[in-house]
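Take a look at the structure below.
The values are calculated or read from the model by the stated rules, or taken from the named source; none is laboratory data. Nothing here was measured: the structure is a model prediction, and the numbers come from that model. No Cβ is skipped: glycine too gets one built from the backbone with ideal geometry, and neighbour counts run over all protein chains shown. The protein model used for the area step is the full one, side chains on, heavy atoms only, and it has no ligands, DNA or RNA in it. Shrake-Rupley method; radii C 1.70, N 1.55, O 1.52, S 1.80 Å.
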Amino acid sequence: MYPLLNTIDHPDQLRLLERRQLPDLAEELREFLIESVSRTGGHLASNLGTVELTLALHYVFNTPADRLVWDVGHQSYSHKILTGRREQMATLRQHGGLSGFPKREESEFDAFIAGHASTSISAALGMAVAAKREGKNRRAVAIIGDGALTGGMAFEALNNAGTLDTDLLVVLNDNDMSISRNVGALNNYLAKLMSGRFYAAARRASEKVLKSMPPMLELAKRAEEHMKGMVIPGTLFEEFGFNYIGPIDGHDLDVLVTTLNNIKQLSGPQFLHVVTQKGRGFKFAEDDPCRYHGVAKFDPDCGLDGGSGKLTYTQVFGDWLCDMAARDERLIGITPAMCEGSGLVRFAEVFPERYFDVGIAEQHALTFAAGLACEGYKPVVAIYSTFLQRAYDQLIHDIALQNLPVVFAIDRAGLVGADGPTHAGSFDLSYLRIVPNMTVMTPSDENECRQMLYTAFTLNGPSAVRYPRGAGVGTVPQQEMDALPLSRGEVRRRGKKIAILAFGSLLKAALEAGEELDASVANMRFVKPLDEELVAQLAAGHELLVTVEENAIMGGAGSAVLECLERRGLTVPVLQMGLPDRFVEHGDSAKLLAQCGLDKDGLLAAIRLRLSE
């Protein structure tokens, strides 16, 4: 089925092809992507949009000696296929298989891990500076999407790079369809022209002559900027110190290869603007690129089905947000570019004037929320646990220090399955509970999640409700909203000798283990403020306390229990169960939890071992 693609196990083989063969190879690669991802699940639309760009980059640049740094990395599947991992694509995002993102340990072609956005330019600049210091003729290329370019870190890197005389190329993969009208014959022609050596030499010669006449030099620069500004949106990047080229058609291999070959001969920071189409070549994904961004297994002939029908924690949050907004006009919904993922689609439609997508700018999202809270509003920041890490200073300095009533709806807490360690929310309990003024809650089911969100909204200081990815245990949330008693857990099972203190989503496994051990089981609910009275009662009536959390053990909820016991002078053995002190790789979530000892069998084995000791 893939006569050309099956001959490519290394970019050196790709570079032996004639240019006229590249479009056929692109078609094979696109078909292979659709077939492969339909069997494993993964990120589809973004990868279909970067087929030609990936081919052109590996065709022109001498990878892996030349460094390709992918931003976010969910657009790197073609890169993996062309760099010797075609046969392994059947294991994509499965335990022990290929990562869904670039990974240095996986291949010499993966120059930098990339699960979070807006990092590529900084990393590539570091590599470019290293090459210059070592006197090596090595290129560094950052491939960044228009969404990732909204992150402040990308602009910090551009600002720094423009002042350094390094051979850095930034490729903007722009798949915002609203500017596609700018891509045509004229722009492709201009891109070829401006990336050519003649244009660059003429420009340098003109500058040399005009330097003796400063007013004329300034006039020439302004005239050039004016001409460029009329036909291309590159003035901003020129001001950063880059030579801007584009926009060009990211699906025209002839234009891509010619332009990249020209740029390869230029020195200094270069910026290439490439316009692509998400989902290119697969009608389902072209029509609905958001839905086909991250997909489960599907039939390529039929497209995605309607889903499992089970209520997810994300949906619980989205429903609560709309209900709460209808009740209180002070509510403002904020997301850093995760509208669909965080469950804000309906809220954005029903309350558009109170919905703010600030782009991939987590730091700004939090301080923006702080400003709203200062003026009497009640902001709700919907954010993934792993992305909240990126705004830790703003959490402490701008929100907690001022004790502002900002609600954090923290999705993807704990392990996240196929997305792996770049997206796992393994640390939020640890980094949140040490911050003064914070209230931190861990729901054990769907209804508790809804009631905790309401509880958080009623507080006059910062609060967080953290919940896992996917469906809950099947509890139907009650429509009525009742605030939970602050800092109060509940005993769900009375037993003997052993007390299991469960925080959040692992309560079900704790109850199952408790039945077999005849142990007491408590749903602790609050990590901060901790229910210290309940901890003291359980310590007084049991011979062993077991803390269970889907968070790193160090500094987490179990640590809070130990600190409580120490403050009260209570001595009772404590077994802490949580995520290990390592990054847990990608795979099926249930299997990963079992490997970490956080299912029923794992809890039983660990408790019995402790008792035997």
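Every listed requirement among (1) modelled with pLDDT of 95 or more; (2) farther than 23 Å from Ile144 by Cα is met by Glu35 save one, (1). On the stretch given as region 1-28, residues that are touching a residue at least 60 places away in the same chain (Cβ under 8 Å) and of a type in the set (D, E, K, R) total 3. Only one of the numbered conditions (1) open to solvent by less than 10 Å² (accessible area, probe 1.4 Å); (2) touching a Lys or Arg at 6+ places or on another chain (Cβ under 9 Å); (3) within 19 Å of Ala154 (Cα to Cα) is not met by Ile121, and that is (2). Could you identify the single residue in Ala513, Ala540, Ala560 that is assigned to a helix (DSSP H, G or I), open to solvent by 10 Å² or more (accessible area, probe 1.4 Å) and touching a residue at least 24 places away in the same chain (Cβ under 8 Å)? It is Ala540. Of the helices (runs of 4 or more DSSP H) entirely within region 29-107, those holding at least 1 residues that are in contact (Cβ under 8 Å) with a residue 60 or more places away in the chain occupy 45-49, 51-60. So Ala285 ticks every box in (1) modelled with pLDDT of 90 or more; (2) within 24 Å of the chain's Cα centre (by Cα); (3) on the phi < 0 side of the Ramachandran plot but one. Which box is left unticked? That leaves (1) as the condition not met.
Given the criteria open to solvent by 30 Å² or more (accessible area, probe 1.4 Å) and either under 30 Å from Ser444 (Cα atoms) or touching a residue at least 12 places away in the same chain (Cβ under 8 Å) (or both), does His293 qualify?
Spelling it out, His293 is indeed open to solvent by 30 Å² or more (accessible area, probe 1.4 Å) and either under 30 Å from Ser444 (Cα atoms) or touching a residue at least 12 places away in the same chain (Cβ under 8 Å) (or both).
Put simply, of Glu349, Glu340 the only residue that is under 24 Å from Gly376 (Cα atoms), charged (D, E, K, R) and open to solvent by 60 Å² or more (accessible area, probe 1.4 Å) is Glu349.
Among residues belonging to region 235-254 that are out of contact with any strand residue (DSSP E or B) (no Cβ under 9 Å at 6 or more places or on another chain), of a type in the set (D, E, K, R) and closer than 15 Å to Glu52 by Cα, point out the one that is least open to solvent (accessible area, probe 1.4 Å). Looking at the filtered set, the residue picked out is Asp252.
Matching residues to (1) at positive phi; (2) among the small types (Gly, Ala, Ser); (3) surrounded by 20 or more Cβ atoms within 10 Å (Cβ to Cβ):
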position: Arg354; (1), (2), (3): no, no, no
position: Ile360; (1), (2), (3): no, no, yes
position: Gln363; (1), (2), (3): no, no, no
position: Phe368; (1), (2), (3): no, no, yes
position: Gly376; (1), (2), (3): yes, yes, no
position: Val381; (1), (2), (3): no, no, yes
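Looking across Arg15, Arg39, Arg20, one residue alone is in contact with a Lys or Arg (Cβ under 8 Å, 6 or more places away or on another chain) and open to solvent by 10 Å² or more (accessible area, probe 1.4 Å). It is Arg39.
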